[in-house]
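Only one structure is covered here, and it is reproduced in the block below.
Every read-out reported here was derived from the displayed coordinates using simple, explicitly stated rules and does not represent laboratory data. This structure is a prediction, so every number in the text was calculated from the model and none was measured. Please note: Cβ atoms are built from the backbone with ideal geometry, for glycine as well, and neighbour counts cover all protein chains shown.
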Amino acid sequence: MIINKTKNQNIISFFLVFSLLTIIQGFIPLRPWFYCSVLVSFIILVYPHILFKKNIFFLYLYFLFVIIKFSLGVKLNIPDYLFEFVICILCVSLLDLGISERINKEKIVSLIIILTTFMALCSIPILISSPGLLRAFASGSKESIKLMDSYFKYGLANYYLPHAIPIIIPGLIYRIKFKIGDYKKELIILVVLIGFVILSGATMPLFFSIILVFLCCFIRNKLSLLKKTMIIILTIIFIIIINDKIMIMLLEKIIQFIPDSFGNMQYKMSSIKEYVEFGQMVGSLNDREILYNLSWNTFCDNFVIGQNNVNLIGGHMYIVDKLALFGIVGTVPLFWFFITLIKKAFKSIDRFAVLYYLLGILSGFLMLILKGVQGLEIFLFLFVILPFLCMTKKNVNK
């Protein structure tokens, strides 16, 4: 087959738009899995070598184990696992094509950032008038899906986007600090995205975003300075943690600054304060602790091949849930596949962007450990957009 780079780039961009842009999904009753499947089929047709990459072998092993589990009667939602498989193939394909210059990395990055910013801008006025709306989509019930579809027509982002945004924050800050590309626009985009995360009411992504911005602002090329900065930060955190009174006072101040419209965030901070003060989980924190313990205990009971009863899986921690359901035997191949993607990208990362890249990777995996989120946005930002942001060469000394 004759490969036309420009034509292929346009086709890939077209299907990425339809896969990510919620306003399209609001008017056309087709889910992202359809567009992603068509896109992956096209990429494999044009670049069949993708299927024979060494790292993709580990992905095959993981899904072979999924099929074996399903054939043994485990009640797995196979469409979800097929979509996960398609997303993984898409990520390894885009990363490989970008590194090999078969597609233009900058154009892919610009497209995804523009789409993300557009959805954030559309979502901000909706979330101001209806705080906590995105959390209503998390249940996955028929009612929430129907409500989600109605708001998609107005451009509201899905529940996973605010959880994915912290992953690319270090990459954006790297480009802004080193004045790469249109860095002034990227600064505005960064402000818009953080504003969207704040209004989404997602506590953990907001916490990650604040920490990442703080850390990235202190990164310098001299590692010794970074070490000094990290020691200071860790010392402050340690002092706060070991002193209950300081932590309670700090949490009270934070709660005072949270507007009443962010009731869910206020509730979580109050729950954390009560836990520090009285030593007992309450409210949503208690519910989350129960789910965490359920997955951990299930994994510990059968850590080799996992549990066959999906009702014993907490469903709130992506990585631990995988371990509980598939054990070490079924989960290690998937994680090794993730590691191969990171190693492949790392070889092409600009030397000045290494620390920013590692911070983005760390935030992504912490999100997968502490939350039950996954999907297109999380994986695409973690394995494609973040490394592409950090691959631009810039020989400067800041």
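Things to note:
- Residues listed by number, segment 156-172, amide nitrogen under 13 Å from V213 label point at 7 Å toward C-beta: 166, 169-170
- In terms of packing, defined here as the mean over residues of other Cβ atoms within 10 angstrom, the peptides 325-331, 186-192 line up highest first as 325-331, 186-192.
- Estimated FRET transfer efficiency (T203, F57; beta-carbon r; R0 56 Å; 0.05): 0.90
- Residues listed by number, segment 60-103, amide nitrogen under 20 Å from T6 label point at 7 Å toward C-beta: 98, 101-103
- With Cα atoms defining each centre, segment 95-135 and segment 300-314 are spaced 35 Å apart in the structure.
- Each of E106 and K347 was given a label point 7 Å from its Cα along the Cα-to-Cβ line. The distance between the two points is 2.4 nm.
- Taking packing as the residue-averaged number of other Cβ atoms within 10 angstrom, the listed peptides 166-179, 93-106, 39-52 run from highest to lowest as 166-179, 93-106, 39-52.
- Distance from segment 57-76 to segment 140-212 (C-alpha centre basis), Å: 33 Å
- Pairs from the table (K53/K179; K185/K322; K105/K184; K69/K105; K53/K177; K146/K343) lying more than 30 angstrom apart at Cα are K53/K179; K185/K322; K69/K105; K53/K177; K146/K343.
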